[in-house]
């Protein structure tokens, strides 16, 4: 339930997968993040780049989970709605 709250940032090439989730907030966070909403087939259904602290997203009913990434990752990878993701556990 804590997620990234209290953290000082995300390391490059890392992220936090929140499962299940259809919405998030950045209340009390210290840094902006990129947010990717993903459906059951691991397709991107919504992106929110550079979400700043003390904000909330709307509910994305088609989403099954949310991927929180370092700010700028969406632009760097050209991630867009409709993209098919592959998640690998390290």
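The values are calculated or read from the model by the stated rules, or taken from the named source; none is laboratory data. Quick caveat, the model's predicted, so the values are computed rather than measured. Every residue, glycine among them, receives a Cβ derived from its backbone with ideal geometry; neighbour counts consider all protein chains shown.
Looking for something under 18 Å from residue 83 (Cα atoms), surrounded by fewer than 18 Cβ atoms within 10 Å (Cβ to Cβ) and modelled with pLDDT of 95 or more - is there at least one such residue anywhere in the range 26-38? No, the range 26-38 contains no residue that is under 18 Å from residue 83 (Cα atoms), surrounded by fewer than 18 Cβ atoms within 10 Å (Cβ to Cβ) and modelled with pLDDT of 95 or more.
Would you point out the residue of the range 25-47, among those that are over 18 Å from residue 14 (Cα atoms) and outside any strand (DSSP E or B), that is nearest to the chain's Cα centre (by Cα)? So the residue we want is 39.
Beta carbons closer than 8 Å, at least 6 apart along the sequence or on distinct chains, pair a first residue in the range 61-72 that is at positive phi and surrounded by fewer than 21 Cβ atoms within 10 Å (Cβ to Cβ) with a second that is modelled with pLDDT of 95 or more and in a strand (DSSP E or B) for 72/34; 72/49; 72/50. Any residue at all in the range 39-53 that is touching a residue at least 60 places away in the same chain (Cβ under 8 Å) and crowded, with 18+ Cβ neighbours inside 10 Å? No, because not a single residue in the range 39-53 is touching a residue at least 60 places away in the same chain (Cβ under 8 Å) and crowded, with 18+ Cβ neighbours inside 10 Å. Inside the range 7-18, can you point out the residues that are part of a loop (DSSP other than H, G, I, E, B) and surrounded by 11 or more Cβ atoms within 10 Å (Cβ to Cβ)? Scanning the range 7-18 gives 7, 9, 10, 14, 15.
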